[in-house]
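Written out below as structure tokens is the structure these notes cover.
Since every read-out is calculated from the coordinates, none of them should be taken as a lab result. All values derive from a computational prediction rather than experimental measurement. Please note: Cβ atoms are built from the backbone with ideal geometry, for glycine as well, and neighbour counts cover all protein chains shown.
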Amino acid sequence: MEHSDLRKEEILEACKELYDRYSFKDITIKLISEHTSFSRPSIYNYFETKEEIFLALFQQEYEKWTEELDEIRNQNDILSKEEFAKLLAHTLEDKERLLKLLSMNMYDIEENSRMEKLKEFKRAYGNSVHAVKLCLNKFFKDMTEEETIKFIYLFFPFMFGIYPYVVVTEKQKQAMEEVGIHYKYYSIYELAYMEIKKLLG
């Protein structure tokens with residue numbers, strides 16, 4: 001790996017660690033630099049804004065997920081709807097960071113990133129959409145093109161809402177209890193599995 005790639009990776013690793021503990025608004029480039037081996041000005045050689053760092057982290061998460069989707073397609077010849085729903089839901093089970101990123105305001109992140117960075121991210125996102133489509137084409141040959149597109153256009157927006165429904169703070173729980181909302185808590189896997197099964201019919 002080249003020196004610049006190692007530097008970028010170190011920045012992203014620092015951002016990951018911080019994002020697991022803090023919210024997006026609490027993380028600054030200064031804070032990220034304090035968790036790297038180099039100074040804050042050096043970060044600007046790779047990323048112009050905090051949003052660009054998060055966009056790169058987002059891209060990395062999509063790339064990891066796409067690899068898992070490709071594994072499902074390459075390692076299985078035949079899958080029933082039930083089996084595919086379970087496998088696809090399991091790929092999201094350990095993607096809490098991806099789901100947390102999806103729950104953020106993407107307009108601000110994309111608006112405050114350079115076009116070249118945005119295109120890299122969109123390419124990674126597009127690859128994940130394509131990987132899901134290839135799985136559907138392989139395992140469900142009776143699905144029409146329209147049904148496949150409908151699955152994708154319902155499943156990907158659904159992913160934006162998983163994290164807020166699964167990760168609920170004590171303050172949110174208390175507020176719901178006090179206004180009489182009886183909330184059933186599902187895991188990432190359970191929510192994803194139910195939705196995929198419904199979309200597959």
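Based on Cα contacts under 8 Å between residues 6+ apart, region 1-46 shows a relative contact order of 37 percent. Annotation for region 115-188: chymotrypsin sites (Phe, Trp or Tyr not before Pro) lying in DSSP loop with at most 16 further Cβ atoms inside 10 Å of their Cβ are Phe160, Tyr183, Tyr185, Tyr186.
Placing a label point 7 Å from the Cα of Ser42 along the Cα-to-Cβ direction, the residues of region 8-24 whose backbone N falls under 12 Å of that point are 8-11.
In the structure shown, do any of Lys138/Lys197; Lys25/Lys133; Lys64/Lys86; Lys86/Lys141; Lys50/Lys133 have a Cα-Cα gap over 26 Å, and if so which? Write down the numbers at each step before the final one.
Details: Lys138/Lys197 17 Å; Lys25/Lys133 34 Å; Lys64/Lys86 18 Å; Lys86/Lys141 19 Å; Lys50/Lys133 32 Å.
Those over the limit are Lys25/Lys133; Lys50/Lys133.
Phi-derived couplings, Karplus 6.51 cos²θ - 1.76 cosθ + 1.60 at θ = phi - 60°, listed residue by residue for region 143-149: 6, 6, 4, 5, 5, 5, 5 Hz, with x used for Gly and Pro.
Which chymotrypsin sites (Phe, Trp or Tyr not before Pro) in region 14-97 sit in a loop by DSSP (not H, G, I, E or B) and have at most 15 other Cβ atoms within 10 Å of their own Cβ?
Hits after loop and neighbour filter: Tyr22, Phe38, Tyr44.
Once a ≥ b ≥ c are taken as the square roots of the eigenvalues of the Cα gyration tensor of the chain, is the result rounded (a/c under 1.5), prolate (a/b larger than b/c) or oblate (a/b not larger than b/c)? Oblate.
For region 144-201, which trypsin sites (Lys or Arg not before Pro) pass both filters: DSSP loop (anything but H, G, I, E, B) and at most 10 other C-beta atoms within 10 Å? Of the trypsin sites (Lys or Arg not before Pro), the ones in loops of region 144-201 whose Cβ has at most 10 other Cβ atoms within 10 Å are Lys184.
Using helices alone, what [θ] at 222 nm do you get for the chain, with -39,500 (n - 2.57) per DSSP H run of 4 or more residues, divided over all residues and rounded to the nearest 500?
Details: 12 runs with 146 residues, N = 201.
My calculation for the chain gives -22500 deg cm²/dmol from helical runs alone.
Placing +1 on the Cβ of every Lys and Arg and -1 on the Cβ of every Asp and Glu, with no other charges, gives region 1-101 a dipole of roughly 480 debye about its Cα centre. Pairs of Cα atoms nearer than 8 Å and 6+ residues apart set the relative contact order; for region 17-166 it is 32 percent.
Per-residue Karplus couplings for region 104-118, computed as 6.51 cos²θ - 1.76 cosθ + 1.60 with θ equal to phi - 60°, are listed in order as 7, 7, 5, 4, 5, 5, 5, 5, 9, 10, 5, 4, 4, 5, 5 Hz, Gly and Pro entered as x. Applying 0.36 nm per residue to the separation of Lys171 and Leu154 and subtracting their alpha-carbon distance, the gain on full extension is 3.1 nm.
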